[in-house]
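Here's the structure we're looking at; comments come further down.
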Amino acid sequence: QKEVEQNSGPLSVPEGAIASLNCTYSDRGSQSFFWYRQYSGKSPELIMFIYSNGDKEDGRFTAQLNKASQYVSLLIRDSQPSDSATYLCAVKGRGSTLGRLYFGRGTQLTVWP
Amino acid sequence: GAGVSQSPRYKVAKRGQDVALRCDPISGHVSLFWYQQALGQGPEFLTYFQNEAQLDKSGLPSDRFFAERPEGSVSTLKIQRTQQEDSAVYLCASSPLPGLGPSGANVLTFGAGSRLTVL
């Protein structure tokens with residue numbers, strides 16, 4: 001069983017819509033959760049991290065964490081074509097004191113004008 | 001430097017050749033990670049350095065893979081006797097503090113990666 005699961009998509013939304021990206025993880029003791037954006041052929045760049053249950057908002061992005069359900073999501077409001085990329089969910093495990101992250105395979109998002 | 005620099009950006013090797021991939025992290029960053037990203041997959045952890053000490057190498061797939069960071073700055077990932085399954089993008093990431101803090105605030109900055117193709 002993979003540590004981190006994501007729907008690989010592709011997810012396609014029109015410009016201005018809300019894009020919802022989902023991620024589940026297997027280690028109940030996981031501590032921190034990250035969303036990275038990766039444009040084709042580029043390196044991952046951090047969008048948000050969250051470690052407490054509930055919502056965390058940063059501009060057009062909202063991360064939601066539910067540890068009981070082992071579920072983390074990313075909402076992108078007012079989606080723009082420039083948001084088209086692969087979104088990687090990453091989890092820092094309970095035993096990962098040194099910082100090893102477990103990544104999902106990513107969800108490919110396309111925002112069409 | 002301003003960011004994490006990796007070289008070469010692209011490497012084509014014949015099966016059985018040895019390759020060396022270089023990572024120059026952000027100046028002063030304590031932590032350095034290597035990840036392997038196969039096509040269509042998320043990055044997979046390979047190894048972690050805190051300064052010059054290699055504290056976790058549990059992700060290295062075989063003894064053909066070797067990494068070093070002798071002076072606590074530049075790191076080299078060496079792959080001996082390359083195989084076709086080694087074809088991937090090798091990502092280096094650094095962060096300013098040891099590991100990742102409990103809140104994750106000590107975040108990783110990734111380099112652009114080295115794309116290895118083994119024929």
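The values are calculated or read from the model by the stated rules, or taken from the named source; none is laboratory data. Note that this is a predicted model, so its numbers are computed, not measured. Heads up, the Cβs are rebuilt from the backbone with ideal geometry, glycines too, and the neighbour counts pull from every protein chain shown. Please note that ligands, DNA and RNA were not included when accessible areas were found on the heavy atoms of the full protein model with its side chains. Shrake-Rupley method; radii C 1.70, N 1.55, O 1.52, S 1.80 Å.
Can you put A:Asp78, B:Asp24, A:Asp83 in order of accessible area, largest first, using a 1.4 Å probe? Walk me through the numbers before you get to the answer.
Numbers: A:Asp78 80, B:Asp24 60, A:Asp83 0 Å².
So, going from the largest accessible area down, we get A:Asp78, B:Asp24, A:Asp83.
When every Cα-Cα distance of segment A:1-106 is counted in 10 angstrom steps from zero, the calculated P(r) takes the values 15, 50, 29, 5, 0 percent.
With contacts taken as Cα pairs under 8 Å at a separation of at least 6 residues, chain B carries a relative contact order of 36 percent.
With an 8 Å cut-off on Cα pairs and a minimum separation of 6 or more residues, tell me the relative contact order of segment B:1-68 in percent. Could you put the intermediate results ahead of the total?
On the way: 80 pairs, mean separation 14.2, N = 68.
Value for segment B:1-68: 21 percent.
Here each label is just a point 7 Å from Cα along the line to Cβ, and for A:Ala17 and B:Ser58 those points are 4.1 nm apart.
Looking at this model, which pairs from A:Lys42/B:Lys78; A:Lys42/A:Lys67; A:Lys67/A:Lys92 are more than 24 angstrom apart at the alpha-carbon? Please list the in-between numbers first.
Values: A:Lys42/B:Lys78 22 Å; A:Lys42/A:Lys67 31 Å; A:Lys67/A:Lys92 13 Å.
Listed pairs above 24 Å: A:Lys42/A:Lys67.
Averaging the sequence gap over all C-alpha pairs within less than 8 Å and six or more residues apart, then dividing by the number of residues, gives chain A a relative contact order of 38 percent.
If the Kirkwood radius is taken over C-alpha pairs of chain B, then at 4 °C and 1.567 mPa s the Stokes-Einstein diffusion coefficient equals 91 µm²/s.
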